[in-house]
Amino acid sequence: MQIKLDLSKHCIETELKKRYNQSISEYFRKRPPNKSLERQIENLKTALTTLDFGYLRKEFPALTGHQDDEVILSFDSKNNISILISGKKIDMYIEK
């Protein structure tokens, strides 16, 4: 699953919180429940609870917000989070 992030107005952490809250609201408005939306909610929750946002903002200025770089959050089948910044992949592995 890939989620394109809009960091033109705020940092990655704020964007993920915003997207998570929007997804929760959408989930409760839709009937029947959407499996894809459920997966997106779980993925966003995982990212919010496992990523080191201080480190990411420090090391990757594009994630601090107010940037034009394309940023994509991606999850693979092994539950690894990848962040792509203008096509450059940064792997973030989730510990279980």
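The values are calculated or read from the model by the stated rules, or taken from the named source; none is laboratory data. Since the structure is predicted, the reported quantities are computational estimates derived from the model, not experimental observations. FYI the Cβ positions are ideal-geometry reconstructions off the backbone, even for glycines, and counts take in every protein chain you see. In case anyone asks, the SASA skips ligands and DNA or RNA and just uses the protein heavy atoms, side chains included. Shrake-Rupley method; radii C 1.70, N 1.55, O 1.52, S 1.80 Å.
At 0.36 nm per residue, and after removing the present C-alpha to C-alpha distance, how many nm does the segment from Ser74 to Met1 gain when stretched out fully?
25.7 nm
Please list the equivalent ellipsoid semi-axes of the stretch 20-76, computed as the square roots of five times the alpha-carbon gyration tensor eigenvalues, in descending order and whole angstrom.
27, 12, 10
Note the angle between two axes, namely the Cα long axis of helix 35-50 and the longest principal axis of the Cα atoms of the chain, as a number of degrees from 0 to 90, rounded to the nearest 10.
40 degrees
Too long at a 18 Å Cα-Cα cut-off: which of Lys18/Lys58; Lys4/Lys78; Lys35/Lys89; Lys18/Lys45?
Check vs 18 Å cut-off fails for Lys18/Lys58; Lys4/Lys78; Lys35/Lys89.
Between Ile24 and Asp52, what is the spin-label point distance in nm, taking each point 7 Å from the Cα along the Cα→C-beta axis?
Distance between the two pseudo-spin positions: 2.7 nm.
Between Rg and the Kirkwood Rh of the chain, both from Cα atoms, what is the Rg to Rh ratio?
Numbers: Rg = 13.3 Å, Rh = 13.7 Å.
Ratio of gyration radius to Kirkwood radius for the chain: 0.97.
HN-Hα J couplings of the stretch 10-27 from phi, Karplus 6.51/-1.76/1.60, θ = phi - 60°, integer Hz, Gly and Pro as x?
With the stated coefficients, the stretch 10-27 comes to 7, 6, 4, 5, 5, 5, 5, 4, 4, 5, 4, 4, 5, 5, 4, 4, 5, 4 Hz.
For Thr64 and Arg39 in one chain, what is 0.36 nm times their gap in residues minus the Cα-Cα distance, to one decimal in nm?
6.4 nm
Just to confirm, what accessible area per residue do you get for the stretch 5-96 at 1.4 Å probe, in whole Å²?
Counting only protein heavy atoms, the per-residue value for the stretch 5-96 is 63 Å².
Could you work out the relative contact order of the chain, using alpha carbon pairs under 8 angstrom and six or more residues apart, expressed as a whole percent?
RCO, the chain: 34 percent.
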